[in-house]
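Quick notes on the structure that follows.
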Amino acid sequence: MITVHHLDHSRSTRVLWLLEELQLPYELKRYRRDPKTLLAPPELKAVHPLGKSPVITDDGLTLAESGAILEYLLERYGDGRLAPASGTPEHRRFRQWMHYAEGSAMPPLLLKLVFDRVASGPMPFFIRPVARAIAKGAHTAFIGPQLEAHLDYMESELGKSAWFAGEDFSAADIQMSFPIEAARSRAGLDERRPRLMDFLQRIHLRPAYQRAVERGGPALPER
Ligand SMILES: N[C@@H](CCC(=O)N[C@@H](CS)C(=O)NCC(=O)O)C(=O)O
């Protein structure tokens, strides 16, 4: 039996969503973030040394890293579903997006989250102007332009086909959903990028996505 170690408001929603798309049975173990630090609870370290989510266990295997988990589930249980045939141009695009989501799209989003916290977190009043100036400097010099470049890139790629890897919905869309949801929630994604907004609308309408959110809660807190 597949067990998903699922942290609330996290990338782990993607794993639940894929399992729901594939209509596979699974056990859900839920973990709550520390309300102050927002970090995962220590119990997750008993499952995997990094103590992050998602992690799955299946048949004696413990596997972390959402992209690797999605690929494992497809390989073992997919029967060719939700991934283009290997060797095709669609499969090459599929593989790129599977890596791009965590390798390129997430880092500037994470930097934004960290620097926003630097600027707004608790601190002595006389430090605050310095912290704000540092956060603003990082945003202007690096984070802001990087975010814009990635959002522009994703928006233009969605102009080439209905979904990220081609005309058919695939697990690459599931993997890409988290950076796009995160950009919508905290990095200024709005109607100026209509294809990405439409992508969000289309995924939210999928019954499997809705079942995943019903079981595990939304990937990100409500705005
Ligand atoms: N690249 C990893 C990232 C895993 C990760 O950072 N997960 C976050 C949740 S979105 C986490 O567990 N955060 C809690 C913590 O770091 O304590 C993946 O895609 O699985």
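Readers should treat all values here as calculations from the given coordinates under stated rules, not as data from a laboratory. These figures come from a predicted structure and were not determined experimentally. Note: ideal-geometry Cβ built from the backbone for every residue, glycine included; neighbour counts use all protein chains shown.
The table that follows gives values for the structure above.
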| quantity | calculated |
| --- | --- |
| Base-10 log of normalised Debye intensity for the range 144-223 (one unit scatterer per alpha-carbon) at q = 0.25 Å⁻¹ | -1.36 |
| The chain, Rg to Rh (Cα coordinates; Rh as Kirkwood inverse mean 1/r) | 0.98 |
| Close Lys-Lys pairs in the chain, where close means Cα under 28 Å and separation is 8 or more or interchain | 9 |
| Residue (of 158, 180, 144) at the positive-pole extreme of the range 89-206, dipole from beta-carbon charges | 144 |
| Length-normalised contact order for the range 1-88 - Cα pairs under 8 Å, 6+ apart - percent | 30 percent |
| Sorted by Cβ neighbour density within 10 Å, fewest at the top, the residues 93, 211 | 211, 93 |
| Crossing angle, helix 207-216 versus the chain [Cα axis fit, 0-90 degrees, rounded to tens] | 60 degrees |
| Length added when fully stretched, residue 68-residue 30, from 0.36 nm per residue minus Cα-Cα | 11.7 nm |
| Linear extension gain, residue 117 paired with residue 3, 0.36 nm per residue minus alpha-carbon span | 37.8 nm |
| Residue 189 long-range amide H proximity, modeled H, under 5 Å | 184 |
| Computed magnitude of the charge dipole of the range 2-78 (debye, nearest 20; Cβ of K, R +1, Cβ of D, E -1) | 440 debye |
| Relative contact order (%) - criterion: Cα under 8 Å, at least six apart; region: the chain | 26 percent |
| Ellipticity estimate at 222 nm from DSSP helix runs (n ≥ 4, -39,500 (n - 2.57)) divided over the chain, nearest 500 | -16000 deg cm²/dmol |
| Cα pair distances in the range 2-78, grouped into 10 Å bins until the bin that holds the longest one, percent each | 19, 57, 21, 3 |
| Selection from 201, 114, 9, by position along the positive dipole direction of the chain (Cβ) | 114 |
| Antiparallel bridges, percent of DSSP beta bridges restricted to the range 2-78 (to nearest 5) | 55 percent |
| Computed lengthening from residue 161 to residue 190, 0.36 nm per intervening residue step minus Cα-Cα distance | 8.4 nm |
| Cα-centre dipole for the chain with unit charges at Cβ (Lys and Arg positive, Asp and Glu negative), debye to 20 | 900 debye |
| Between helix 13-22 and the chain: long-axis angle, C-alpha atoms, 0 to 90°, nearest 10 | 20 degrees |
| Point-charge dipole on Cβ atoms (K/R +1, D/E -1) for the range 88-156, about Cα centre, debye to 20 | 260 debye |
| Rounded tilt (10° steps) of 89-100 against the dominant C-alpha axis of the chain | 40 degrees |
| Within the chain, percent of DSSP bridges classed antiparallel, to nearest 5 | 55 percent |
| Average Cα contact separation per residue, the range 134-223, under 8 Å, 6 or more apart, as relative contact order % | 24 percent |
